[in-house]
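This report refers to the structure that appears directly beneath it.
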Amino acid sequence: MAICGSTKAVSTNSLYISAVTKLLGKTFEVTCFPSIANIPHFNPDLDLNNPPAAVEDLRLTIQQADGIIISTPEYAMGLPGSLKNLIDWTVSSASFAGKPTLALIASTQGEKAYHSIIDILTVIEAKVTAQHIPYAKAKINNDGLITDEDTLGELKTTVDLFVASMKNG
């Protein structure tokens, strides 16, 4: 399962999900979560017995996936609020617990979001593999092909580690 941390219809992060999907080849089927914008604002009062249907679908999709790919930008020195909101809805269900999760921070800077997502995913017990891709937009084309050789090499290594974590899961 792949989650794009941007709410833009076409984003650099959706291109990186496409690039990872290509690197995975035909071994894995990657299903993209429709949009983080469709998840309601987190409310602990609604998280008790009968959470919203979109949240139930999200949790079930995460639980059924062999692994999760998250590609996100950094907004205002941190994770986009809508991505953090999505993750907050999974805490009580422990959907990410033990789940191999590939976290890509593909942004202009991204260092703060990189550290933040590792911290958040670690707290909810995901098995985290992460890569920071600064100046990400300049390293990928509109077809989802990485044009920077160093970034491509690093991403191949990161994806291999992610695949290994799914096999060892």
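Here, each number is a calculation from the coordinates, and none is a lab measurement. Since the model is a prediction, treat every value here as computed from it, not as a measurement. Glycine also receives a Cβ, built like all others from the backbone with ideal geometry; neighbour counts cover every protein chain displayed.
What the table below lists for this structure:
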item: 0 to 90° range, to nearest 10: angle between helix 12-24 axis and the chain longest Cα axis; result: 80 degrees
item: Over 25 Å between alpha carbons, listed pairs Lys26/Lys84; Lys112/Lys167; Lys112/Lys156; Lys8/Lys167; Lys99/Lys139; Lys84/Lys167; result: Lys26/Lys84; Lys112/Lys167; Lys8/Lys167; Lys99/Lys139; Lys84/Lys167
item: Sorted by Cβ density within 10 Å, fewest first, the residues Phe96, Phe42; result: Phe42, Phe96
item: Using alpha-carbon coordinates, inclination of helix 53-64 to the longest axis of the chain, degrees; result: 60 degrees
item: Long-range Cα-Cα pairs in the chain (distance over 18 Å), rounded percent; result: 57 percent
item: Extension gain from Lys8 to Leu161, taking 0.36 nm per residue of separation minus the Cα-Cα distance; result: 52.2 nm
